[in-house]
Each structure stands twice: as C-alpha cells, then as structure tokens.
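This report refers to the structure that appears directly beneath it.
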Amino acid sequence: MRIDLHTHSSVSDGTDSPTMLVMKARQAGLNMIALTDHDTMDGVPEAIDAGKRVGLVVVAGLEVTTKYLAKAIHLLGYGVALAGSELADELVKVRQSRVERVDAVLERLDGVGLMVDRDLLAGLAHSAATIGRPHIADAMIRQGYVADREEAFKRYLGVGKPAYVSHYAVGLERAIDLVHQAGGAAILAHPGIRGADQVVTGQVIAELVANHHLDGIEVDYPLHDAATRDLYHQIGARLGLIRTGSSDYHGTGKVGHELGCALSRETAWELLSRRIGYYGGVLPR
Ligand code: AMP
Ligand code: ZN
Ligand code: FE
Ligand code: FE
C-alpha cells in the first residue's frame, strides 16, 4: 500500500483540481491519499468520487491554520465530519480573514512599487475556497515581478518580509479539540520547518498529547532532513504518537513535493483510522 496523507488541490493553493489530483495520484502508483486543503474541505466530495472511479482511496482531511505564540502552525485533521461543527464556524472566520488580508498585502506590495492586478488575482484564485499568499504570488509571476512562488515568499510575502500580513487563526490547542469534536484525528503537520520547532518544542508536543490528546505528528516530510526525521520518530515513539509521512503536494505550486515522495506506513493508517473511528468521524468506504 502506497499512502500519501497530505495533498492540496486548487480548492486551496494547489494547482490541480481534486479530480486531476486523484488521477495523478493513481498514475503515481498511490493506493490512498488524503486531500488536506488549507482551512476547507470543499474539495473532498469531488476527490472521493474521482477516487471511486479510478480505484484510489481518498481520506477526508484538511490542514487547519492555527497559531501558537503568534506563529502560524499547521494542524492536519483526518476523518473530520465538518457539518454543524464548531470547527466549521471557525473555518468560516479564518477564510473571511484571509480575504481581508489580501487587501492589506496588496497595499503593502503597492508600497514597494508592485501593483498587483486584482482582476488577474481573482481569476487565478477562482476555484479556491481558501485564498492564500500563493495566489498573490501567482499574480506576481504573471506580471513578471518574480520568477516563482519561492521568490515571491523570499522577497515579499514570507514572515518578516515587506508585504507579510497575518490573518485570524484559531489557537493550536483549541484547534486540536475542535478537530476531535468534529470526529477527526489531529496530526501536527511538518513540525520541523520554518521555525515551527522554536515554539512547538518537544516539551510543548508532550503537553499537547497530555492535555489535548494530539494523535500524531508528520515525520517523513520532504523538507525534514534525516536528523529531523530521526528526532521526530524518537519524540513520537516516546509519546505514543502516530507517525505519518506525506508529500504536501501542491501540483506545480511547490517543487520537491511530488506525489508519493514521502509515504505513510500501513500501520500508521491502521492506527489513524482506529482513532477516527473512536472520535466518530468519517472513514473511507
Ligand atoms: P498562507 O496560507 O497564505 O499563509 O500561505 C502559506 C502557504 O504558502 C503554505 O501552506 C505553502 O503552501 C505556501 N508556501 C509557504 N512558503 C512557500 C514558499 N517559500 N514557496 C512556495 N510556497 C510557499
Ligand atoms: Zn499550501
Ligand atoms: Fe502546511
Ligand atoms: Fe500543506
């Protein structure tokens, strides 16, 4: 079984529709993926339908943008049943705040002489339920201001850069509780990248397990080097956490995150599906 538990579609900042994503996953020899768009599950029904047609199991998921000590921390939710949940209400707030943030980012870009075309941006983000900085980056690429998303983040959009603006986000601890309330299992995404480990330390992870029953951590991740993977395998084993491996595929939006470039073991999925069952969430049928 080849399992990739972290992928994005054009319903957030990936570049493939949910159907295309599923077809490419099948072509890449995967048997199971989770669709984990940022702050939305709008693409999940389409992905599940496509999966049934091509023979690929699709796990209902999402990647919640949370904050911990003012830093953005990503939390993966699996098997979440969003309808009527408090998590759904929070996601509405997050997505609305992301829309408002776009204006603030564009103003700042104006301030450094980059006039991003709003209609162009709207067109590029037309299929996205969740708008993010990568969409702004795509408009900047089209207008010739930068070569790729990477450069846009490095020079303008990343934390500490001239056009960086944050948005409303739920606290990490509350987000874990809300995922559980909605029937899902909660896995801390890529804990070793972009300084996340400065705030969510091994000690903090232990507290998240003790006080909020965090279910697992993403260990095998393209941007985690061998030492980082070893470290999180050890932390995870000590705390009894489910340890996953995933690509964080974004289509052409991110290089080095090809489908299946990191995989989850079958035992990780067995444990994860058991948790989803325990919390009362949705399992693939
Ligand atoms: P946002 O959701 O607006 O906060 O933007 C964060 C998203 O941008 C992340 O989830 C990544 O998908 C993407 N991202 C972050 N850094 C980079 C980068 N250096 N190059 C390309 N995409 C990035
Ligand atoms: Zn993304
Ligand atoms: Fe992420
Ligand atoms: Fe992601």
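Here, each number is a calculation from the coordinates, and none is a lab measurement. Predicted model only: the values in this text are computed from it and were never measured. As a convention, Cβ positions derive from the backbone with ideal geometry for all residues, glycine included, and neighbour counts pool all protein chains shown.
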Candidates LEU69, LEU124, LEU272: whichever shows maximal mean-square fluctuation once the chain is modelled as a Gaussian network with Cα springs under 10 Å = LEU69
Using alpha-carbon coordinates, inclination of helix 133-142 to the longest axis of the chain, degrees = 40 degrees
Calculated from backbone phi, Karplus (6.51, -1.76, 1.60) coupling profile of the stretch 25-41 in Hz, x at Gly/Pro = 5, 5, 4, 7, x, 7, 9, 8, 10, 10, 8, 10, 5, 5, 6, 7, 10
Between LEU223 and GLU151, how many nm apart are label points set 7 Å from Cα along the C-beta direction?
-> 2.0 nm
Restricting to the chain, compute how many DSSP beta bridges are antiparallel as a %, nearest 5.
-> 40 percent
Enter the angle in degrees (range 0 to 90, nearest 10) between the Cα long axis of helix 172-181 and the first principal axis of the Cα atoms of the chain, meaning the one along which they spread out most.
-> 60 degrees
Working from Cα positions, state the angle (0 to 90°, nearest 10) between the long axis of helix 202-212 and the longest principal axis of the chain.
-> 70 degrees
Expected unfolding gain across LYS52-ASN31 under the 0.36 nm per residue rule, minus the alpha-carbon gap, is 6.4 nm
Shape box of the stretch 178-283 [Cα atoms, principal axes, largest first, Å] | 36, 31, 24
Filter the GluC sites (Glu not before Pro) in the stretch 107-174 to those in DSSP coil with at most 16 other Cβ atoms within 10 Å of their Cβ, and list the result.
-> none
Amide N of the stretch 4-22 lying under 20 Å from the label point, which is placed 7 angstrom from the Cα of ARG142 along Cα→Cβ | 9-18
Which residues' amide hydrogens lie under 5 Å from the amide hydrogen of ALA60, considering only partners 5 or more residues apart or on another chain, with H built in the peptide plane?
-> GLY79
If we count every other residue with Cβ under 14 angstrom of SER97's Cβ, Lys/Arg +1 and Asp/Glu -1, where does the sum land?
-> +1
Ellipsoid semi-axes in whole angstrom, largest first, where each is sqrt(5λ) of the Cα gyration tensor of the chain | 29, 22, 18
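Take the residue pairs LYS24/LYS161; LYS154/LYS254; LYS24/LYS254 and return only those whose Cα atoms are more than 23 Å apart.
LYS24/LYS161
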